[in-house]
Amino acid sequence: MSLITAPGNVPLLKALLDYEKSTYGYDIPLIEAPLIDTVIDKQAWAREVMGEYDHVISIEILGAARSVLLPFTGLLSEVQLTQVIQSFYLCSDGGYYNMRGVEASALNAPIDAIFTLARKDGSQVRTISIGDGGNEIGMGNLYELVSKHVPGGSKIGCRVTTDHLITAGVSNWGGYALACALYLIQSHPTLSCTPNADMRMIPDVGVESAQLDVMLANDAVDGPTCAAERKIDSLDFEYHEKMLKMMIALCRINEH
């Protein structure tokens, strides 16, 4: 498993991964991808990146307007869903737009080529995405709805599709839900070949809070407000804490 990101994200992600290593002992490699304008053959680059990975996951989370890719092999229980930053992907006119409609390709790696390659006929790679605005990878599954109901959706809407798309009011919640679902599957006696799920798969409120502090200490800001405060998508962290606690409670109910 490795984390691939555009150059602008490296300092923040390195700080988060260092925290993850000191907290959990996980040592996740961080790979710096090139910017779009520096890649001559995007398909060739995508093939090189894909390697032996069997799943590719994109999760939009807090903060910067850059592209992030999380590919992994092996058990789904190894996936960590808490270090990934907001991503923008190929739109109808070939541009990469944030929610304000600002073209952001200069800050992006050519991640769209990886997902396009993974979706080709005969590919065994499975793709999963999470988004909340319409401009994230995977929202191509719902492009017509994004165009109709999201302000500026026909311009900013992503056209890249995935096998599985998770939409949420805030992408963090979709990440929490996916992590909890993986935990429940791994712990189920009939759904898992080896039902021995690790409780660390379930996001921890204390860790989430500490990670937000790490981000703020490394100059991250809330996306909508552009302010260095304990908010995610303009909502106070306490609101997200309640959502996460609810999901954790559901996991524990379903353990019995």
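Bear in mind these aren't lab numbers, they're just calculated from the coordinates by the rules spelled out. Quick caveat: nothing in here was measured; it's all calculated off a predicted structure. As a convention, Cβ positions derive from the backbone with ideal geometry for all residues, glycine included, and neighbour counts pool all protein chains shown.
Computed from label points 7 Å out along Cα-Cβ, the spacing between Arg47 and Asp93 is 3.3 nm. Sorting Glu144, Glu32, Glu208 from the fewest to the most surrounding beta carbons within 10 angstrom yields Glu144, Glu32, Glu208. Straight-distance candidates among the lysines for linking to Lys155, with alpha-carbon spacing under 28 Å and chain neighbours fewer than 8 residues away dropped: Lys42, Lys120, Lys231.
Taking the Cβ of Gly94 as the centre, find all other residues whose Cβ is under 11 Å away and add up their charges (Lys, Arg: +1; Asp, Glu: -1). After counting each charged neighbour, the total is -2.
Amide hydrogen proximity for Asn135: with H placed 1.01 Å from N in the peptide plane, the residues at 5 or more positions away or on another chain lying under 5 Å are Cys158.
Spin-label model, Ala106/Ile253: points 7 Å from Cα along the beta carbon direction are separated by 5.0 nm. Legend: ranking of residues Ile57, Ile130 from fewest to most surrounding C-beta atoms inside 10 Å; resulting order Ile57, Ile130.
Neighbour counting of Cβ atoms within 10 Å sorts the residues Phe237, Phe115, fewest neighbours leading, into Phe237, Phe115. Across the stretch 223-236, computed HN-Hα scalar couplings (Karplus, 6.51 cos²θ - 1.76 cosθ + 1.60, θ = phi - 60°) run x, x, 8, 6, 10, 7, 9, 7, 9, 10, 6, 6, 9, 4 Hz from first to last residue, x flagging Gly and Pro.
Distance between the 7 Å Cα→Cβ label points at Asn218 and His188: 3.5 nm. A Förster distance of 30 Å, applied to the separation of the beta-carbon atoms of Ser234 and Arg126, puts the FRET efficiency at 0.35. Residues whose amide H comes within less than 5 Å of that of Arg126, counting only those at least five positions distant or on another chain, are His55, Val56 (H built at 1.01 Å from N in the peptide plane). The amide H of Ile166, built 1.01 Å from its N in the peptide plane, has Ser129, Ile130, Gly131 as neighbours under 5 Å, considering only residues 5 or more places off or on other chains.
Shown in residue order for the stretch 22-36 are the 3J(HN,Hα) couplings computed by the Karplus curve 6.51 cos²θ - 1.76 cosθ + 1.60 at θ = phi - 60°: 6, 7, 10, x, 6, 10, 9, x, 10, 10, 8, 8, x, 6, 3 Hz (x for Gly and Pro).
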